[in-house]
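The block underneath contains the structure these notes are about, expressed in C-alpha cells.
The values are calculated or read from the model by the stated rules, or taken from the named source; none is laboratory data. Every value quoted in this text rests on a predicted model; they were computed, and no experiment measured them. Here the Cβ positions follow ideal geometry from the backbone for every residue, glycine too, while neighbour counts run over all protein chains shown. Side chains included, ligands, DNA and RNA excluded: accessible areas come from the protein's heavy atoms. Shrake-Rupley method; radii C 1.70, N 1.55, O 1.52, S 1.80 Å.
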Amino acid sequence: MKYIDEYRDPIKVKHLLDEIATTITQPRVLMEICGGQTHSFLHHGLDDMLPQELDLVHGPGCPVCVTPLEQIDRALAIANQPNVIFTSYGDMLRVPGTRENLFAIRARGGNVKVVYSPLEAVDLAANNPDKQVVFFAIGFETTAPPNAMAILQAKQRGLKNFSVLVSHVRVPPAMKALLSSTNNRVQGFLAAGHVCAVMGYHEYIAIAREYRVPIVVTGFEPVDLLRGILAAIRQLESGKAEVENAYERAVTFHGNQLAQETIQSVFMPVDRKWRGIGLIPMSGWGLRPEFEDFDAEARFAVGEIVTQESPLCIAGEILLGLKVPPQCSAYGKQCSPQTPLGAPMVSSEGACSAYYQYHGK
Ligand code: SF4
C-alpha cells in the first residue's frame, strides 16, 4: 500500500538501524513527544533494535493522559446532571476520575455518548433542543481545528444548548517546561508529525536555539521514526541544535494556515494545568471571550472539585521522561488495562498501555 509499505520496508529499516548504530558514539537521551509514536516504536519492536547507547524516553503527547483529574471529575459532575447529553471521544470514557468514570455513569443510565467528530455533538444539540449537549474538547493542536469548527458551526446555527468543556493543550510550551526543569535528561526531540502538519515547525526554531537541542519533525512509520532518530543523533554528534523536517510528505514550515486561523478565531493561548506535570504558562487553548456562551465550565455550576490521585501512580515522571512504565511499582500488578490506576494505562496513546500491550506484564 502506497505510503505504508515503503515506510515499513525491512531493508530500509535495517539500513537506518545500522546507520544509527555507527553514528552514535556515547549515551544519548531522545524523547518522542507523541504517544502515537511511542506505540509505533513498541508495536514494531524498534525499541529492542536500537543501540544501547540510545535512551528513548516517552513524552507528554497523550491528550487523555495530560487532562487534569479536576477536569475529568468536572466532566463526570456535568455528565451526572439531569437533562445533559455528555459527548466525548471514546478514550475518555474509561479514564478513572477520583470516584468513577464516564462508563459507570452510562451504566447507571446517564446520557453519555461516544462521538467520532465534534460536529456529531453539534447535530445532537440541534436534534435535542430540550437537552444540554456538552462536548469534552481535549487534545493537542491536532484536535483543536475540528473542535473550533464545531463551536463556529453551533454559533452559526444559533444553538443555545451546546457547550464545550475545554482542556486543549499546546506542544511548544510543554517542551520549554520540560527543558527548563532541573532534572531534565532530554537532549533532543522527535517532534510529532501530525501536530506539525497543522502548526508547521517554525515555532520550534527559537526552542532549539535557546535550549541547544536538536528537534526533528518525525512521522509514525518505522522508516519515519528511524530517520528522525538518525537526524537527531547526527546533530548531537556534530554539536548542532537545529530544527529538521524528516516528515516532508506531510509537513511544511508554516503548516496548515487555514487550520491555524480556525483555531485562532475561537481559541486563545491560556495557562493550563497538565496532569502529573502541573501548571505550564500559556500551554493551553481557551475560548475567546466572544465564545464564552459555549463554555460548559461556566454554564454548569458543579461546586468545588476535590481530587485524589492514586498514590501508586507515577504518571508525571513517565510523562516527563524520567521513568518508563515498568519502573512503576503498580505496573502489571495493581494497574493494568482492565484496572487502570492512571490515564497512561487507559489511553490508546498512553505509554503504560503501550508497554503492557507490546511487552506484557
Ligand atoms: S503503570 Fe499505572 S499506576 Fe503506574 S504510572 Fe502507569 S498508569 Fe500510573
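Here is how the numbers come out for the structure above:
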read-out	value
Accessible surface of residue 224 - all protein chains present, 1.4 Å probe, nearest 10 Å²	0
Phi-based couplings in Hz for the range 179-192 (Karplus 6.51, -1.76, 1.60; Gly and Pro marked x)	5, 7, 5, 5, 9, 4, 10, 6, 9, x, 10, 9, 6, 6
GNM result for the chain, Cα springs below 10 Å: residue of 249, 272, 185 fluctuating most strongly	249
Chymotrypsin sites (Phe, Trp or Tyr not before Pro) lying in DSSP loop within the range 41-119, provided at most 11 other Cβ fall within 10 Å	116
Against the rule of thumb 2.2 N^0.38 Å, how large the Cα Rg of the range 315-359 comes out	0.97
Angle in degrees between helix 257-266 and the longest Cα principal axis of the chain, rounded to the nearest 10	40
The range 329-344 - phi-based ³J(HN,Hα) in whole Hz, Karplus 6.51/-1.76/1.60, Gly and Pro as x	5, 8, 4, x, 10, 5, 10, 8, x, 7, 10, x, 9, x, 4, x
Per-q log10 I(q)/I(0), the range 242-361, q = 0.17 Å⁻¹ (Debye; single scatterer per alpha-carbon; no solvent)	-1.06
Interchain or long-range residues, amide H under 5 Å from residue 217's placed H	191, 244, 245, 246
Computed log₁₀ I(q)/I(0) - Debye formula, equal Cα scatterers, no solvent, the chain, q 0.11 Å⁻¹	-0.75
Highest-MSF residue in the chain out of 62, 34, 335 [GNM, Cα springs under 10 Å]	335
Sequence-distant residues sharing a close amide H with residue 274 (under 5 Å, placed H)	279, 280
Selection from 60, 45, 89 lying farthest towards where the dipole of the range 42-103 points positive, charges on Cβ	89
Total formal charge among the other residues, if their Cβ is under 15 angstrom from that of residue 128, Lys/Arg +1 and Asp/Glu -1	+1
Candidate aspartates and glutamates for bridging to residue 113, where Cα separation is under 15 Å - those fewer than 8 sequence places away on the same chain excluded	91, 123
Kirkwood Rh, Cα atoms: Rg over Rh of the range 152-217	1.19
Heavy-atom accessible area order for 2, 14, largest first, 1.4 Å probe	2, 14
Under the Karplus curve 6.51 cos²θ - 1.76 cosθ + 1.60, θ = phi - 60°, whole-Hz ³J(HN,Hα) for the range 240-253, x wherever Gly or Pro sits	8, 9, 10, 9, 10, 10, 9, 9, 5, 6, 10, 10, 10, 4
Cα centroid of the range 159-182 to Cα centroid of the range 285-361, whole Å	14
Probe 1.4 Å, protein heavy atoms only - accessible area per residue of the chain in square angstrom	43
Of 195, 266, 302, the one that fluctuates the most in a GNM where the chain has Cα springs shorter than 10 Å	302
Estimated Rh, the range 221-277: Kirkwood, alpha-carbon pairs, angstrom	14.7
Alpha carbon Rg of the range 1-82, scaled by the compact-globule rule 2.2 N^0.38 Å	1.60
Interchain or long-range residues, amide H under 5 Å from residue 295's placed H	164
Summed side-chain charge close to residue 347 - residues other than residue 347 whose Cβ falls under 15 Å, Lys, Arg +1, Asp, Glu -1	0
For the range 270-320, projected area of the alpha-carbon convex hull averaged over all directions, nm²	4.8
Helical contribution to [θ] at 222 nm, DSSP H n ≥ 4, -39,500 (n - 2.57), averaged over the chain, rounded to 500	-11000 deg cm²/dmol
Whole-percent carbon and sulfur share, accessible surface of the chain, 1.4 Å	52
Cysteines, the chain, no other Cys beta-carbon under 4.7 Å	34, 196, 313, 328, 335, 352
Spatially proximal lysines relative to residue 12 (Cα-Cα < 20 Å; intrachain offsets below 8 disregarded)	2
